[in-house]
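Structure first, then comments.
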Amino acid sequence: MIIGYVIGESRPTKITALSSRPLSIGEYTIIDSEEGKILGLVEKTYVSSVALADVKNFDEAAESKEIAEINRRDKGYTSQIMILGFLDKLQKGQAIIPAIPPLPGTEILEATSQDLEKIFGPDGVQWIKIGSLLRNPEIVAKVNLNKIVSRHIGILAMTGMGKSNLVSLIAKQINDLNGTVIIFDYHDDYSSLSIPKINVIDAKINPRLLDAESLGEVLEIRDNASIQQRILRMAFTNQVKESKEFWEALNDQVEEIIQLNKKDKKEYTYSGGRVQDKIDDAQHKFSDILDPGVMDPIGLIKEGRINILNISSLSEKQANVAMSYYLQELLNDRKDAIRAKNIKQTTKRNPRFGSSIFVVIEEAHVFIPKTEDTQAKYWASKIAREGRKFGIGLGVVSQRPRSLDPNIVSQMGSLAIMKIIQEDDQSQIASAAESISKNLVEQLTSLNVGDAILVGQWVNLPSIVHIEQVKEKTMGADQDAVTEWAVAKKFNGIAKESTQKLIQKDLLVD
Ligand SMILES: Nc1ncnc2c1ncn2[C@@H]1O[C@H](COP(=O)(O)OP(=O)(O)OP(=O)(O)O)[C@@H](O)[C@H]1O
Ligand SMILES: [Mg+2]
């Protein structure tokens, strides 16, 4: 069905169209050029009225409205359409842009389900369903899982727009295919995911396995407390690392340093005491997290499961140390696995993960910040660069793209971007991802919860989709404060009534 014509100046990648009805942003259309059918995506859309274009006052507007209603020629529906490539080639997974721009006057047709199905829902086990096209909801939208794991993804959106829902959906699909997922869960968002193959683990740090600097961080010794740092470095000897009673041995070693320096360096007495306080804290306040008894923290991660590494009870610095430790171990494990497989070389230990794994960092702006060099950032960057070779995919999830390290974002082969209003966030995304056009970035403000623009290697074409809601995920919904208060008020009323009755009863008894 003809719905419009190409008008004005055309370019190989962009045309302007006049249509018989308003076209929606995100809608796919067919440009019926002489060289063959071309698929286009509506990026901008305008409606104008001749009668109402230049009205000066209320009465004129009211009259013009009536004229506009009866005049069929009054309304103009104009849109800007991005050319995505020849339809038949796209159906085979190739994007070939026409060398000659479509001529003005070329017919624009409605895209049919047959036209779109093959492109957005290709066959093959690596293509998994994540939702449907936003403007053509009858068309299933699939993404290529292999590309997620080999080339990483970034999931970026404002808070509450559906990032964790998408992570849960991908995790579930990977898991259905027996894959392994590891999610660093900073807000305890995933432990309630009701999926049978879920493995919720409290992240633990074995202080023996750290270097002195990281130990200082998990003990929360301030960066500028240089004497305390020095004492800890001196006390954290190999002998202490290997001793049975780790904390006692460390404490004794600090004591020895204090005593040795009592005369010459009096400041050691105070600072050493502070370090001893921190060691005491470690055994009480942080005893759940810092455990000298766990010899292999990654041993708790299970292959073929969705592993939720709960880091919500850790401070930011502790979480950073834990994450960098886990990332390093996971990368080394996969390196060992590939070496063992390729060269049949024996490695120091048996690799835990025989097949590719997918690691997700939630609240990534905290761990991979733009302005600071953290240890977690070092290991995440290394995985972003090298993970492809070793079968370790990275998912970077953030509500504050402007604070994320741009190098990491540019390493993400694919992106899912949901509603984003802040201009700094939008421009950060536009500069990091070449596959997203300026017009598409402008659309980000108009998306609703669960709507996403998908770009990059995991899709055949940039697409605007509505992501399926994961029913098994219960956390993350906004709290209904008003209903909660109403219930609380009712209960308070009952409680008050019963206490008053008790008091009255007591008085009677007295
Ligand atoms: N695809 C979707 N369809 C419908 N509703 C959705 C969809 N995705 C998310 N929601 C709703 O939005 C709520 C918030 O989603 P989610 O927790 O995934 O957001 P988020 O972007 O991870 O937020 P935050 O930044 O706070 O972590 C969910 O509880 C759910 O009710
Ligand atoms: Mg979330």
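Every number in this text was worked out from the coordinates using simple rules, so none of it is lab data. The shown structure was predicted, so the numbers you read here are calculated from the model rather than taken from an experiment. Every residue, glycine among them, receives a Cβ derived from its backbone with ideal geometry; neighbour counts consider all protein chains shown.
A few points about this structure:
- Residue (of 28, 353, 10) at the positive-pole extreme of the chain, dipole from beta-carbon charges: 353
- Packing, as the average of other Cβ atoms within 10 Å across residues, places the peptides 465-471, 326-332 in the order 326-332, 465-471, highest first.
- Acute angle (nearest 10 degrees) that the helix 58-70 long axis makes with the longest principal axis of the chain, alpha-carbon atoms: 70 degrees
- Shape analysis of the chain based on the Cα gyration tensor places the equivalent ellipsoid semi-axes at 54, 32, 22 Å, largest first.
- Between the helical axis of 423-432 and the longest alpha-carbon principal axis of the chain there is an angle of about 90 degrees.
- Set of lysines near residue 204 by C-alpha distance (under 16 Å), chain-local residues within fewer than 8 positions excluded: 285, 302, 317
- Note on residue 69 and residue 107: with the Förster distance fixed at 22 Å, the Cβ-Cβ geometry gives a FRET efficiency of about 0.20.
- Candidate lysines for bridging to residue 335, where Cα separation is under 16 Å - those fewer than 8 sequence places away on the same chain excluded: 344, 348, 382, 389
- Counting only DSSP beta bridges with both residues in the chain, the antiparallel share comes to about 65 percent.
- The range 2-111 shape via C-alpha gyration tensor axes, a/c threshold 1.5: prolate
- Helix-only CD estimate at 222 nm, as mean residue ellipticity for the chain, using -39500 (n - 2.57) per DSSP H run (n ≥ 4): -12000 deg cm²/dmol
- The range 127-226: translational diffusion in µm²/s, Stokes-Einstein, Kirkwood Rh over Cα pairs, 20 °C, 1.002 mPa s: 126 µm²/s
- q = 0.12 Å⁻¹, the range 46-184: log10 I(q)/I(0) [Debye, one scatterer per Cα]: -0.77
- Nearest 10 degrees, 0 to 90: helix 375-390 Cα axis against the chain principal axis: 60 degrees
- Vicinal HN-Hα couplings computed from phi for the range 299-307 (Karplus, 6.51 cos²θ - 1.76 cosθ + 1.60; Hz; Gly/Pro x): x, 7, 7, 10, 5, x, 10, 9, 8
- Between residue 388 and residue 287, the FRET efficiency estimated from the beta carbon spacing at R0 = 35 angstrom works out to 0.35.
- Share of alpha-carbon pairs per 5 Å distance bin for the range 344-406, given as whole %: 4, 17, 22, 21, 15, 9, 6, 4, 1
- Net charge dipole, the range 414-458: roughly 120 debye, given to the nearest 20, about the Cα centre with Cβ charges of +1 for Lys and Arg and -1 for Asp and Glu.
- Note on the range 2-111: lysine pairs with Cα distance below 19 Å, sequence gap of 8 or more or different chains, count 9.
- Among the trypsin sites (Lys or Arg not before Pro) found in the range 349-405, those both in a DSSP coil and sparsely packed, with 16 or fewer other Cβ atoms within 10 Å of their Cβ, are 349.
- Peptides ranked, highest mean first, by Cβ atoms within 10 Å: ranges 451-463, 292-304, 63-75: 451-463, 292-304, 63-75
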